[in-house]
1. For the stretch 223-376, with all protein chains present and a 1.4 Å probe, just round the carbon and sulfur fraction of the accessible area to a whole percent.
2. Of all the accessible heavy-atom surface of the stretch 1-73, with the other protein chains kept in place and a 1.4 Å probe, what percent is carbon and sulfur?
3. Nothing charged except the Cβ atoms of Lys and Arg (+1) and of Asp and Glu (-1): what's the magnitude of the dipole of the chain about its Cα centre? Round to the nearest 20 debye.
4. Among Pro49, Tyr126, Thr141, which residue has its Cα positioned farthest towards the positive end of the charge dipole of the stretch 46-150, with +1 placed on the Cβ of Lys and Arg, -1 on the Cβ of Asp and Glu, and the dipole taken about the Cα centre?
5. Under a point-charge model restricted to the Cβ atoms of Lys and Arg (+1) and Asp and Glu (-1), what is the dipole moment magnitude of the stretch 176-247 relative to its Cα centre, in debye to the nearest 20?
6. Test of understanding: what is the full-extension gain from Asn214 to Thr76, defined as 0.36 nm times their sequence separation minus their Cα-Cα distance?
7. Leaving out ligands and nucleic acids, note down the accessible area per residue over the stretch 32-90 with a 1.4 angstrom probe, in whole Å².
8. Which of the three applies to the stretch 25-86, rounded, prolate or oblate, going by the alpha-carbon gyration tensor with a ≥ b ≥ c and a/c under 1.5 meaning rounded?
Amino acid sequence: MNIWCISKYAGPPNYGTASRLFYLTKEFISLGHKARLFTSDSNHLAEFPITTAAYNDEIIEGVPVCWVKTKKYKKTASVARFISWLDFERKLFCMKTRHLERPDVIIISSLSLLTILYGLYLKRKYSSILVFEVRDVWPLTMTEEAGFSKRHPLVFLLGLLEKVAYRNSDLIVGTMPNLRLHVQRILGVDRDVFCSPLGFDAKSYQTTNLLEDNPFDNLFPQDKVVVGYAGSMGITNALDSFVSSIKALNGVENIHFMLVGSGDLRKGYEKELADCTNVTFLPRLKQEKVKYFLVKCDVLYLSTKDSEVWEYGQSMNKVVEYMLAAKPIVASYTGYPSMINEASCGSFVSTRREQELIEALLSFVELGKSERERLGANGRDWVFTHRQYSILAKDYLDKLAELTDLRRKTNSAN
């Protein structure tokens, strides 16, 4: 098959972000297919070279990549970000593709939802199979976690595009395990939804000994159980209960909290915890440094807001990264459970009950080092068995092969 993968946020790892779609494209090629990636340089998690060219073609780790120069933005929740989406779509439609071999499959991966319009255009132009991937459930995320009104014009527009995508795609793919329920609620009918979850590139975790020459060796307190958090500190990250727990546990001698990342609420949290001696804030890290931080911790924490979004399952890079670090995980999460429970490497606690979080954190502190290591190893073993991109890409290709065979049989019958 010849596969075109298109997503505004799918940058290659050499520019600061290791995107799922890049690695899947790479694996498609390694498994004997042709594939190329189209993406944008306007990504708040990446740093692309400065250029005046609108279209920039590169071969990166064997993957043909075209990254489009697009208007930049600073805040993730802003008009400038939406304008950047529009700019990307405009340039996709203006892009010359005559020199490229006709695609058999077109994968449109959100975000942005606007790209489905280009996907429908390509489907009609080339009679290709159109795949619509959902990595974040928009516009539901906007109304549930960002506080947008359901009557907001942008919410209405994205909701319309979401329905168009679900109705007109040949295959719907979700990175979350229970997306089928959401699609059924939106369309009013049941549709097959294929789950292709987030994964990792195994090569990045097999050749490096993260415990040798670890840059965080001198930053971690000695003789304490360190609970770590790595990620954004904004409204959607729901860290209020965690911060309150840190305050409540300030008098416990053998526990210390390390927080890494940036976000709109970070300064407020630092101020709130200014009098606590059991917490350290570190600046945001580049992607390749995060794993060094995680492996130094003893327990890892993540949280989500209590919202409908999580009824369809989680799709967070953070969970994969935490499990790869081989540390037990405490997750404030009340949605559709997956991964952590399947691997028996931690526990879910209610997002509503702070005392339950405190008790869970203390229980992992009291377990002892060997038992924490056993739980952490469960997570690492599970994710190596189920979440390598080489495995996920093969499953994806098998699903695409089913579609192409069905289309071929249908055309022959006609």
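The values are calculated or read from the model by the stated rules, or taken from the named source; none is laboratory data. These numbers were taken from a predicted model, which means no experiment stands behind them. Neighbour counts run over all protein chains shown; Cβ positions are idealised from the backbone, glycine included. When the accessible area is computed, the model is the full protein with side chains, heavy atoms only, and any ligands, DNA or RNA have been set aside. Shrake-Rupley method; radii C 1.70, N 1.55, O 1.52, S 1.80 Å.
1. Numbers: 3030 of 6580 Å².
Answer for the stretch 223-376 is 46 percent, counting heavy atoms of protein chains only.
2. Working: 1530 of 2770 Å².
Summing carbon and sulfur atoms, their accessible area is 55 percent of the total for the stretch 1-73.
3. I would put it at about 1820 debye.
4. Checking the options against the dipole of the stretch 46-150, the answer is Tyr126.
5. Details: 6 positive and 8 negative charges, 86 e Å.
Roughly 420 debye for the stretch 176-247.
6. Taking 0.36 nm per residue and subtracting the Cα distance, the gain is 46.5 nm.
7. Per-residue accessible area for the stretch 32-90 comes out at 54 Å².
8. The shape class here is prolate.
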